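Take a look at the structure below.
Just so it is clear, none of the values below were taken in a lab; they were calculated from the coordinates. Note that the coordinates shown come from a computational prediction; the quantities given were computed from them, not determined experimentally. Backbone-built Cβ (ideal geometry, glycine too); neighbour counts: all protein chains shown.
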Amino acid sequence: MKECVFCKIIRGEIPSKKAYEDEQVLAFHDINPTAPIHVLVIPKEHITSLAEVKEEQLELIGYLHGVIRNVAQDLGLENGYRVVNNCGQDGGQAVQHLHFHLLGGRKMTWPAG
Ligand code: AMP
Ligand code: ZN
């Protein structure tokens, strides 16, 4: 999508610090980290949010979670981590391109705000 900030990152029009990339998925460090490790994992295909995922895209979403697991392992998060998806207005989604936050390197609290 032309004006989408994460599509621009995928195309290399906006720089990012990549943690992992393949044909389907990109993982890059969040520009405004809220934990010592804060990586965003996104599909290269533009999907607006989790609510917009189609049946035929569910395999991709499963694959993406395997990437999250591998990136967490690569970054040494052996004590655990948190995966967050903010979906829609009430979910606090700011960027309208599906992304999963991988947060780690500190103890997380609950409940979420
Ligand atoms: P969300 O509120 O779930 O939509 O999260 C969007 C995330 O994208 C925030 O944590 C932002 O800090 C992050 N973000 C926005 N622009 C960039 C960028 N150019 N590079 C890296 N992370 C970004
Ligand atoms: Zn996009």
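Under the 0.36 nm per residue contour assumption, what length would be gained going from the current alpha-carbon distance of residue 53 and residue 20 to full extension?
On the way: separation 33, 0.36 × 33 = 11.88 nm, distance 2.22 nm.
Gain on stretching residue 53 to residue 20: 9.7 nm.
Distant-in-sequence amide contacts of residue 20, defined by a placed amide H-H separation under 5 Å and a gap of 5 or more residues or a different chain, comprise 27.
Taking 0.36 nm per residue of sequence separation and removing the Cα-Cα distance, the residue 8/residue 31 pair yields an extension gain of 6.8 nm. In the range 83-102, which residues have a backbone nitrogen under 18 Å from the label point lying 7 Å from residue 110's Cα in the Cα-to-Cβ direction? It comes to 83-86, 101-102, nothing else. For the range 12-98, evaluate the Debye formula with one uniform point scatterer on each Cα (no solvent term) and list log10 I(q)/I(0) at q = 0.12, 0.18 Å⁻¹, rounded to two decimals. Summing over Cα pairs of the range 12-98 leads to -0.36, -0.86.
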